[in-house]
Every structure is written in C-alpha cells, then in structure tokens.
C-alpha cells in the first residue's frame, strides 16, 4: 500500500478519480473525502447514477447526440426545422448552440475533428452518416459549426468536398469566434450571432 494514504480503499478511490479529465491527486483526495462525509444513501445514489448512465444511455441514430431513446428529443421534435442541419464536433457543442436560443434546426455530431497528429481520420468520425442524411433529399442547408482551429478548418473542407455535388446550401458560422477558440467555451451571445450571421462556405 502507498504510505501516502492511511487506507488502500482510499487510495483505490483516489486512483479512479484521477482518471477523470482535469482531476489531479489533490482534487481527487478532496472529492473522495467529501463523499466519505456524505450519507451512505447519497453516495449510493451518486454511484448508481453513473452506472445507470453507462449501461442505459443511447446515441441518437440520426444525429448521434446523447439520448434516452433511439431518436433524441431534438430530432423527434416536429417544431424543429428538419431542412437545416448544424454540424458540430461534440455533444457539448450541441448544448452550447442550444443555449443561444438562436437556432431551430437539427444537428449532426461528428464525434471529433480530423486530426492526423492524433490519429483521427475521416473514417473515425460520423461523416458518412452526414452524407447519407443529405442524400435523403430532406436537407436544404448544412451549417458547419466547428471550432476555429486548423483541425476544424480541415474538417470543414473535407465535408465541403464530400457534399459539393449535392444541391444544398453549405455555410459556416461567422468568425465572431476567435481563431483557435473551442466552440463549447464561447459565450452564448457571440455564438448566437455567429450562427445567425453564418456565411456561405466556398472551400477557400
């Protein structure tokens, strides 16, 4: 047992918490000690919620957003504009765009961006399923709302090439977002304006 901790059980719990992003050993220790101070029923409810999430959460078969059902609440909402699809990198980005209350279309979650340095290619992303959605003929506009990074721009261009032969409007969010910024950390007003003031994507 590591002599730094008085209990092997404590050490094991800390080791598990440090596997979470942004959690170091000091923060992990603080979180574990906090849980130890809580009622057993509260800790059990916390643990069950994580286990239940892992076992039962689904990914929407249309847009790949997280959902409790096979088709998410956004895709199944008849008041949404199903002719417009906003392409985002992650589930966090869906929540960021929704928070602006400036967009009423549907989404398509890629699950990342093309990044050869990280070993992520087009086949690792949900790009072909986006092409299939466009092929169906219901989509009239695809808005590319990826982060203003080199990887985001590379992914934009790849999608542009894949969709160039289809009769749709292809646009990109306005550059109210600084180059290099991640979409999920952009303030709601700036992001909302970027969606509203989107511009045609020309591939340049």
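Some observations on this one:
- Residues that are closer than 24 Å to residue 101 by Cβ, at pLDDT 95 or above and surrounded by fewer than 11 Cβ atoms within 10 Å (Cβ to Cβ) occur in the stretch 76-85; there is at least one.
- Yes/no for residue 68 being surrounded by fewer than 16 Cβ atoms within 10 Å (Cβ to Cβ) and either closer than 26 Å to residue 112 by Cβ or modelled with pLDDT under 95 (or both): yes
- Among (1) out of contact with any strand residue (DSSP E or B) (no Cβ under 6 Å at 6 or more places or on another chain); (2) touching a residue at least 40 places away in the same chain (Cβ under 8 Å); (3) within 29 Å of residue 53 (Cβ to Cβ); (4) assigned to a helix (DSSP H, G or I) - the single one residue 113 does not satisfy: (4)
- Against the conditions (1) touching a strand residue (DSSP E or B) at 6+ places or on another chain (Cβ under 8 Å); (2) within 19 Å of residue 139 (Cα to Cα), residue 76 satisfies every one except (1).
- The set of residues in the stretch 17-44 that are under 30 Å from residue 68 (Cα atoms) and surrounded by 12 or more Cβ atoms within 10 Å (Cβ to Cβ) comprises 17, 18, 23, 28, 31, 32, 35, 38, 43.
- Residue 173 being crowded, with 17+ Cβ neighbours inside 10 Å, touching a strand residue (DSSP E or B) at 6+ places or on another chain (Cβ under 8 Å), closer than 28 Å to residue 79 by Cα and modelled with pLDDT of 95 or more: no
- Residues that are more than 17 Å from the chain's Cα centre (by Cα) and closer than 24 Å to residue 167 by Cα within the stretch 80-109 comprise 80, 81, 82, 83, 84, 104, listed in sequence order.
- Those residues of the stretch 118-151 which are surrounded by 15 or more Cβ atoms within 10 Å (Cβ to Cβ), part of a loop (DSSP other than H, G, I, E, B) and free of Cβ contacts under 8 Å to residues at least 40 places away in the same chain, in sequence order: 125, 127, 148, 149
- Residue count, the stretch 51-69 (criterion: more than 24 Å from residue 127 (Cβ to Cβ) and in contact (Cβ under 8 Å) with a residue 60 or more places away in the chain): 0
- Selection of first residues in the stretch 161-179 that are closer than 16 Å to residue 100 by Cβ and of second residues that are at pLDDT below 60 and in a loop (DSSP other than H, G, I, E, B), restricted to Cβ pairs under 9 Å at least 6 apart or on distinct chains, gives the following pairs, ordered by first then second residue: 176/186; 177/186.
The values are calculated or read from the model by the stated rules, or taken from the named source; none is laboratory data. Being a predicted model, the structure only gives us computed values, none of them experimental. Glycine gets a Cβ as well: all are built from the backbone with ideal geometry, and neighbour counts include every protein chain shown.
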